[in-house]
Amino acid sequence: MKRALIVVCLLLTTSALRALSAQEDTAVSLAVRIVPTSFTETGNRGITLIDPSQHFTVVVTNVGKDTIRLWRESCSWGYSNLSFEAQDEDGTQVMVAKKQREWEKNYPDWMVIPPGDHLVFEVTFDPATWGHAPLPKPGQQRTVSLRAVYESADSKEAKANKVWSGKVVSPKNTYTLFR
Amino acid sequence: MRIFTIAGGPHKGKHINVTRYVKTAAGVEIKIEHNVPTRPGKQIRWVQTVSSNRGFSVDCKMLTRVDPFGHGGAVNTVPLPAVPGICKADDLLPFYWTAADLAGGAGPGLSDAPSVPIPPSGRTWTQFVTALAEVTGKQVHHLVAIAWGYDRMADGSVRVAVIRTPSTPEMRNHGQALKRMYPDYKYT
């Protein structure tokens, strides 16, 4: 009886460790970074958004060993997955996220990302698309700390199509936004 | 779930089958399959138009549009020469699935999950006409069509419309939208 209990305990511990390991693998399989539009020799980061066609880039990288699937931005499952935590110099913090939009053609659409490869977002901070975008007034500049958040919800579609779910955040850095 | 049969022609008796039609938090989800074979030199393609009292119908100044046609986001990226303005499509063809969608594994059925934000007052109605067509070069011949849609109410609730055969005015609007947006094609 005692031996049987020990075996059961060992089995439970092993499966718990396996589950934890899988969770950790999922958690670290992506990395996200903000790529500004310019750097200075002194390490300052600039984001120039003077013209509506200008953008900065957020790169989501598969740092795991396996190919993963990520939702495309062109479907509702992936549209809002990128957001930002923005902090002003006075400490005021806001979440910068995409506004709700209407969807007419909308189906679960994912992109396969091999190990070491990327999903790239071009971010304009267009106020028609982004809520609480930390844009300065035209002709001015604004310094903010930014951290990109890539979060993909666990849904029945994600499960059915084996699309990655979880949350990763970029390093927090200070950027000067020019407009 | 609901079967709509092709009434005449070489595909008479074949059908489309709505296999899923359910309310979602902000809209509706639909899946449609078909059993129409592809004949040599022809393609079987889905064509869908959408009408609404708000949103892109207002912004694009077109009550009925070939889906998708709107602005913003990663879907609406291709300007149509025949319809200048802020609204864009997802390619230069009048079909629901783009070549890239099909290459990525979409089709042969149709899958859609439209939704709209909560309206400030009243309701936002959205109505679709979805047709299966046989395409020969630039000739798009409709085989069978259905009408479906939903209302989003100011209290956030969703009311799903019944799936039915489109009325004559609805088919006329559908055809006119196709002709206006993709005039290189002939539609029957």
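A few remarks follow.
- Rg(Cα) / (2.2 N^0.38 Å) computed for the protein assembly as shown, rounded to two decimals: 1.16
- Taking amide H as placed 1.01 Å from N in the peptide plane, the amide H of residue A:100 sits under 5 Å from none that are at least 5 places away or on another chain.
- Evaluated over chain B, the count of Lys pairs having alpha-carbon atoms less than 17 Å apart is 10 (only pairs 8 or more residues apart or interchain).
- Computing Rg and the Kirkwood Rh from the Cα coordinates of region B:2-187 gives a ratio, Rg/Rh, of 0.95.
- Summed residue charge, Cβ within 13 Å of residue B:11's Cβ, Lys/Arg positive, Asp/Glu negative: +3
- Residue A:128/residue A:57 FRET efficiency (R0 25 Å; Cβ-Cβ; nearest 0.05): 0.80
- Potential lengthening of the chain between residue A:48 and residue A:67 amounts to 3.5 nm, from the contour at 0.36 nm per residue minus the alpha-carbon distance.
- Annotation: lysines with alpha-carbon distance below 29 angstrom to residue A:172 (same-chain offsets under eight excluded): A:65, A:98, A:99, A:137.
- Under Karplus coefficients 6.51, -1.76 and 1.60, residue-wise ³J(HN,Hα) of region B:157-162 in Hz, glycine/proline x: 6, 10, 10, 8, 7, 5
- Residue B:138 paired with residue A:167, simple spin-label distance in nm, labels 7 Å along Cα-to-beta-carbon: 5.3 nm
- Charge dipole (the protein assembly as shown, unit charges on Cβ, about Cα centre) - positive-most of B:117, B:87, B:107: B:107
- Phi angles of region B:25-37 translate, via the Karplus equation with coefficients 6.51, -1.76, 1.60 and θ = phi - 60°, into HN-Hα couplings of 4, 10, x, 8, 10, 9, 9, 10, 10, 9, 10, 8, x Hz per residue; Gly and Pro are given as x.
- R0 of 56 Å, Cβ-Cβ distance residue A:90-residue B:102: FRET efficiency to nearest 0.05: 0.60
- P(r) histogram, all alpha-carbon pairs of region A:29-178 included - 5 Å bins from 0, percent: 2, 9, 17, 22, 19, 14, 10, 5, 2, 0
FYI, it's all coordinate maths here, none of it is from the lab. This structure is a prediction, so every number in the text was calculated from the model and none was measured. Neighbour counts run over all protein chains shown; Cβ positions are idealised from the backbone, glycine included.
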